[in-house]
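S.K.: Below are the structure tokens for one structure; questions will follow.
The values are calculated or read from the model by the stated rules, or taken from the named source; none is laboratory data. No experiment lies behind these values; they were computed from the predicted model shown. Quick reminder, even Gly has a Cβ in these numbers, built from the backbone with ideal geometry, and neighbours come from all protein chains shown. Keep in mind that these areas ignore ligands, DNA and RNA; they rest on the heavy atoms of the full protein, side chains included. Shrake-Rupley method; radii C 1.70, N 1.55, O 1.52, S 1.80 Å.
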Amino acid sequence: MALTNPQLPSGSEDSAQKNLVVNDAKNERALSGDEKAAVLLLALGPDFGKPIWEELDEIEIRQLSRAMVRLGPITQDMLDALLSEFIMGVSSSGAMAGNTDTTERLLLSFLPQDRVDQIMEEIRGPAGRNIWEKLSNVQEDILASYLKNEYPQTIAVVLTKISPDHASRVLSVLPEELALDVVQRMLSIDPVQKEILEKIEATLRTEFMSTLSHTQRRDSHEQMADIFNAFDRQTEARFMTALEDINRESAERIKSLMFTFDDLTRLESAAIQTLLQNFDKKELALALKGASDTAKEFFFSNMSARASSMMRDDMDAMGAVRLKDVDEAQSRLVNTAKDLAARGEIVINKGKADEEMIQ
């Protein structure tokens, strides 16, 4: 049923207009630089704003996306003042509001779905990936540096929510007196009320995780390991050999950080099963064509007898294949494993010395 506008008594219309002006005045506020850019791009919309978005880098897109989500209501007066400031003849039919939905729709107009999902997941926090899982991937000294300024009870709550191994590393780098206080509180901690936990999560998202993405710099060896992972086999060997001659210590560190095709043989049985289910069988046959006998047997042992027999037949039927094609197939298999690990569907263990099992 359509709603009808009730007739206002004489004089009420003027009163309503005055109330509207008062409410608008309450909503008006000074905008930061990020917010001004976000409002302007919202006003331009996807068609006129797309060329601008395409010129921005990843960090700028994330920064503007966060600003959009936090905007809230933007009055017509605020928009008019902003447009005048930029001396642009842009008109608008009314007020706007920046929120999660409008930001996501705008991003989808010029970015692929996977990039938008990644950006929005980081902004949403627990609505995407769990905030506690994210914290478990933050370097322990960085997390400890932030937490040491919080109340011991708050630190205790945070450490009970992240993985035990990461909590132990964070405790070990906290000031000793504070760490002992936190341990005592963790031992006697009661179930935390939902409202308190939500406040802690919100604070971690807005004050820590959002700032971390702008301030945290990756170790240069980690970045170089990613680059080496993307090399084909011959290029990787050439650069690694040259680097070993110049700086053996850096070369060894890069090797330890790289995740290669051979590292797949260290996956748990459940993880390799998940990987096999998410990878094309013809691509797998090509990847295994140039693999070592050990790697081949590892994959075959994680298939049914029928599936492994068919895979061997497919590999024999291929005949000779180019090394470049094999390298590319192996690289795609490794990247699939990395994607599954990033989504939390499998765990990658590179078999470092302190993680190896002793009989």
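S.K.: When you check Leu204 against the structure, is it out of contact with any Asp or Glu (no Cβ under 7 Å at 6 or more places or on another chain), modelled with pLDDT of 85 or more and surrounded by 17 or more Cβ atoms within 10 Å (Cβ to Cβ), yes or no?
M.R.: For Leu204, the condition - out of contact with any Asp or Glu (no Cβ under 7 Å at 6 or more places or on another chain), modelled with pLDDT of 85 or more and surrounded by 17 or more Cβ atoms within 10 Å (Cβ to Cβ) - is not met.
S.K.: May I ask you to list the residues in the range 234-249 that are surrounded by 14 or more Cβ atoms within 10 Å (Cβ to Cβ) and at pLDDT 85 or above?
M.R.: Phe239, Met240, Leu243, Glu244
S.K.: Separate question: Where in the range 248-318 are the helices (runs of 4 or more DSSP H), entirely inside, with at least 3 residues that are within 34 Å of the chain's Cα centre (by Cα)?
M.R.: 248-257, 269-277, 281-289, 293-301
S.K.: Something else: Can you name the number of the only condition in (1) closer than 30 Å to Ile131 by Cα; (2) touching a Phe, Trp or Tyr at 6+ places or on another chain (Cβ under 6 Å) that Glu236 fails?
M.R.: Every condition holds for Glu236 apart from (1).
S.K.: Also: Exactly one condition in (1) assigned to a helix (DSSP H, G or I); (2) at pLDDT below 90 is not met by Pro191; state its number.
M.R.: Here Pro191 clears every test but (1).
S.K.: If we scan the range 91-108, do we find a residue that is small (Gly, Ala, Ser), modelled with pLDDT of 65 or more and either within 21 Å of Glu55 (Cβ to Cβ) or out of contact with any helix residue (DSSP H, G or I) (no Cβ under 7 Å at 6 or more places or on another chain) (or both)?
M.R.: Checked the range 91-108: no residue is small (Gly, Ala, Ser), modelled with pLDDT of 65 or more and either within 21 Å of Glu55 (Cβ to Cβ) or out of contact with any helix residue (DSSP H, G or I) (no Cβ under 7 Å at 6 or more places or on another chain) (or both).
S.K.: Limited to the range 139-177, what total is found for residues that are touching a His at 6+ places or on another chain (Cβ under 9 Å) and more than 20 Å from Glu198 (Cα to Cα)?
M.R.: Of the residues in the range 139-177, 1 are touching a His at 6+ places or on another chain (Cβ under 9 Å) and more than 20 Å from Glu198 (Cα to Cα).
S.K.: Looking at Met311, Met258, can you tell me which residue is touching a residue at least 24 places away in the same chain (Cβ under 8 Å), more than 30 Å from Lys134 (Cα to Cα) and surrounded by 13 or more Cβ atoms within 10 Å (Cβ to Cβ)?
M.R.: Met311
S.K.: Restricting attention to the range 54-61, does a residue exist that is open to solvent by 20 Å² or more (accessible area, probe 1.4 Å), part of a loop (DSSP other than H, G, I, E, B) and at pLDDT 70 or above?
M.R.: yes
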